[in-house]
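Rule-based calculations on the coordinates, nothing more; no lab input. Remember, predicted model here, so these are calculated numbers, not experimental data. As a convention, Cβ positions derive from the backbone with ideal geometry for all residues, glycine included, and neighbour counts pool all protein chains shown.
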Amino acid sequence: MSLFSQRPFSERTATWLQQSGLHPLLARLYAARGLESPEELSLDLKQLLSPTELKNCISTASLLADILERKEAMLIVADYDCDGATACAVGLRGLRMLGGSETPIQFLVPNRFTMGYGLTPEVVELAAAQNPKPKYLITVDNGIASEAGVDRARELGMEVIVTDHHLPGDQIPKATAIVNPNQPGCNFPSKALAGVGVMFYLLVALRAELRHRGKFTNETQPKVESLLDLVALGTVADVAQLDRNNRVLVSNGLKRMRTGISQPGIQALFQAAGRDPRKANTFDLGFAIGPRLNAAGRLADMTLGIRLLLTDSTDEAMTLAQELDRINRERRVIETGMQEAALAHLAEDQLAGTMAQRTSICLWNPEWHQGVVGIVASRLKERFNRPAIVFAPDGNTGEELRGSGRSLTGFHLRDALDLVSKREPGLILKFGGHAMAAGLTIRKGDFEKFDACFQEVANSLLNDEILERRHPHDGSLQPSEFTPEIGDLLAEEIWGQGFPQPVFYGEFEVAQQSLMKEKHLRLMLRPIGSAPGNKPITAVWFNRTQSLPSKAKLAYRLVTDRYQGQARVQLMVEAHDESTGT
């Protein structure tokens, strides 16, 4: 059963926002997303929260200033996803920009297939073997759960600075410094910073500390704001909540892309994806640019992606971006095969009558690729509206399974795994993550036991309200609003997790329908109530093959499609309200 409901909003607030100069449609949309005053419309950099509010940020910046002054060797330990890659690039570029050009600063990305996630003791051993041996390890987008790795680093004579945004476990590592808005005792108002955002904040604080020490003035200080394109990409690709602070970061990063002053690597990724950076938006970052960068960490080595983000050579950037594009195409093929196998397995469960009784999905297959399990889990979660965890064999002995899970709003996945681990100590070898996504490792022989235990936890925490498929929308559009200009207006705004892209709802006459590539529904729709002579509007419903009735109430996004210099409006259909009988 699906529930369609319009997002509530204050007419008074919408009017106030409109009177401040905002387009009437945007005023309504912003009011429905919690904006309460015109002052909140500003996304100027001056609106950023202060680094002084982020626990340990100022003291860690002072430590970094000392390290730069002493020219002590540092090594950044990155995560292998887009957030980790951009955080690593921001850290390296920023530290070199702020005086580290004569300081040995290297980076290291763990191999996800052999070393797992985070600052493990194995990663520390590898770091200690670098030349020169680093005095300080700086983690980006990881480290808050790396007690053993931090302890091993100290045994080997290295100090650890943790920069992370993930939720901590029961024990906090004994690091030299920890900067994480989600650590105990941190009162930073925005808990939604991505790993790249945390690193950027640390650089802002470091610049202020160096300015205080007389290294430069307000006029001569390096422009760390030039790294905001990287911050925007990592924040959106990591599906961070777009609260106002993150929207400020993303907005200013997109401005750099649109004006052609982003890093060569990002420009090359836009070109490889066939996207126009002059019209860059959050959809591009989340669904075109981010996946290409992520592909390196999923199937190969994220070192490739970080090299792309670090290069200042346009030619090298294009070569690397084309290689990432090739890897991403390979990733799609693998993902499709895994998804088809998973759906076939679930279809057997449906025939057996067991699928309808389940509140969660757990699957594994000896042929599956651990770099793609998270994407497949996400697809299954979307299709069945159930928390989903997909496992693949690890890259070592094959006796362990590494899983990635995706969840529904209202079911905190990391907390659910924590509950499983407390009910069955030793069943989960390690885990981490947050409300909507998590990773874990179990023994292959324990899969069925884990499946049963996770199902019990899901049964206890989920209810019909959470499991009901919901389609919040922003009401209907007037026939006069189905224009390319409205599509462009919407595309320029900052939408994403927690500040959702507008979805509208309305009734249409279905003038024509056909299949594209045997798996997508192509439609010609005429809004009910439009003038008789109005041409129908092109619409697409991806991954839908079932035809619609002659009249249908649909939830859809409105975009502007450009072809051979011509702009036209297009609808991207997301759902059909079958409860109304149309």
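Taking the Cα-to-Cβ direction at A129 and at N463 and moving 7 Å from each Cα, how far apart do the two end points lie in nm?
For A129 paired with N463, the spin-label model returns 5.4 nm.
For the charge dipole of the stretch 47-324, defined by +1 on Lys and Arg C-beta atoms and -1 on Asp and Glu C-beta atoms about the Cα centroid, which residue among Q221, A288, G116 has the Cα displaced farthest towards the positive pole?
In the stretch 47-324, that residue is Q221.
Suppose every K and R has +1 on its Cβ and every D and E has -1 on its Cβ; what is the size of the dipole of the stretch 18-88 about the Cα centre, in Debye to the nearest 20?
Computed charge dipole of the stretch 18-88: roughly 140 debye.
Taking every DSSP beta bridge that has both residues in the chain, what percent is antiparallel when rounded to the nearest 5?
Just about 65 percent of them are antiparallel.
Under a 5 Å amide H to amide H cut-off, with H placed in plane at 1.01 Å, what residues pair with Q497 once short-range neighbours are removed?
Hits under the 5 Å cutoff: L242.
Can you put H576, H471 in order of Cβ neighbours within 10 angstrom, beginning with the fewest?
The order, fewest Cβ neighbours first, is H471, H576.
Nearest 0.05, what FRET efficiency do H520 and T176 give at R0 = 56 Å with Cβ-Cβ as r? Provide the component values of the computation, followed by the final result.
Numbers: r = 53 Å, r/R0 = 0.95.
Here the calculated transfer efficiency is 0.60.
What percent does the relative contact order of the chain come to when contacts are Cα pairs within less than 8 Å and at least six residues apart?
Numbers: 1136 pairs, mean separation 67.2, N = 582.
Normalised by residue count, the contact order of the chain is 12 percent.
Which percent, to the nearest 5, of DSSP beta bridges fully inside the stretch 487-582 are antiparallel?
90 percent
How many angstrom lie between the Cα centre of the stretch 234-283 and the Cα centre of the stretch 474-542?
25 Å
Sort 167-174, 178-185 by packing, meaning the average of other beta carbons within 10 Å per residue, with the highest value first.
Averaged packing, sorted descending, gives the order 178-185, 167-174.
Using Cβ counts within 10 Å as a stand-in for footprinting exposure, how do L98, L137, L22 rank, fewest first?
Ranked by crowding around the Cβ, least crowded first: L22, L98, L137.
For the stretch 1-112, evaluate the Debye formula with one uniform point scatterer on each Cα (no solvent term) and list log10 I(q)/I(0) at q = 0.13, 0.16, 0.20 Å⁻¹, rounded to two decimals.
-0.75, -0.84, -1.03
Given labels modelled 7 Å from the Cα in the Cβ direction, how far is it in nm from D44 to E122?
In this crude label model, D44 to E122 measures out at 5.1 nm.
Determine the dipole magnitude for the chain: charges of +1 sit on the beta-carbon of Lys and Arg, -1 on that of Asp and Glu, nothing else is charged, the reference point is the Cα centre, and the result goes in debye to the nearest 20.
In total the dipole reaches around 880 debye.
Can you find, among G533, H473, N463, the residue sitting farthest towards the positive end of the charge dipole of the stretch 458-569, where Lys and Arg contribute +1 and Asp and Glu -1 at Cβ?
G533
Could you calculate the contour length gain from H434 to F447, that is, 0.36 nm times the residue separation minus the distance between their Cα atoms, to one decimal place in nm?
Here the segment from H434 to F447 would lengthen by 2.5 nm.
Would you work out the charge dipole size for the stretch 47-324 about its Cα centre, treating the Cβ of every Lys and Arg as +1 and the Cβ of every Asp and Glu as -1, and quote it to the nearest 20 debye?
Roughly 720 debye, rounded to the nearest 20.
Would any residue of the stretch 472-491 have its amide N under 15 Å from a label point 7 Å out along Cα→Cβ of A531? List them or say none.
479-483
What distance in nm separates the two pseudo spin-label positions at F287 and D301, each 7 Å out from Cα along the beta-carbon direction?
So the two model labels end up 3.4 nm from each other.
Any idea what the alpha-carbon Rg over 2.2 N^0.38 Å comes to for the stretch 47-324? Please report the intermediate quantities before stating the final value.
Numbers: Rg = 17.4 Å, N = 278, 2.2 N^0.38 = 18.7 Å.
Expressed relative to 2.2 N^0.38 Å, the Cα Rg reads 0.93.
Find which of H212, S62, A273 sits farthest along the positive direction of the dipole of the stretch 47-324, computed with +1 on the beta-carbon of Lys and Arg, -1 on that of Asp and Glu, about the Cα centre.
So the residue furthest toward the plus end is H212.
Counting Lys and Arg as +1 and Asp and Glu as -1, what is the net charge of the other residues whose Cβ lies under 11 Å from the Cβ of S407?
Combined, the nearby Lys, Arg, Asp and Glu give +3.
Based on alpha-carbon centroids, what's the gap between the stretch 375-431 and the stretch 208-232 in Å, whole number please?
41 Å
Restricting attention to the stretch 11-118, which trypsin sites (Lys or Arg not before Pro) occupy a DSSP loop and are surrounded by at most 16 other Cβ atoms within 10 Å? Before the final figure, lay out each step's value.
Details: sites: R12, R28, R33, K46, K55, R70, K71, R93, R96, R112; in loops: R33, K55, K71, R112.
Listed in order of number, the matching sites are R33, K71.
Collect residues whose amide H, placed 1.01 Å from N in the peptide plane, falls under 5 Å from the amide H of Q106; neighbours closer than 5 in sequence don't count.
The answer is M74, L75, I76.
Using a 10 Å cut-off around each Cβ, can you sort Y136, Y556 from fewest to most neighbouring Cβ atoms?
Y136, Y556
Rounded to the nearest 0.05, what FRET efficiency do R33 and D561 give with R0 = 35 Å and r taken as the Cβ-Cβ distance? Could you check?
0.85
Please list, ordered by chain and number, the residues whose modelled amide H lies under 5 Å from the amide H of M436; skip anything fewer than 5 residues away on the same chain.
Under 5 Å from the amide H of M436: L413.
Compute the convex hull volume of the Cα atoms of the stretch 471-580, divide it by the residue count, and report the result per residue in Å³ as a whole number.
About 122 Å³ per residue, rounded to a whole number.
Semi-axes, largest first, in whole Å: what does sqrt of 5 times each Cα gyration tensor eigenvalue give for the stretch 358-467?
Numbers: eigenvalues 86, 50, 25 Å².
Equivalent ellipsoid of the stretch 358-467: 21, 16, 11 Å, largest first.
Determine Rg/Rh for the stretch 95-210; Rg is computed over alpha-carbon atoms and Rh is the Kirkwood hydrodynamic estimate from the same atoms.
0.96
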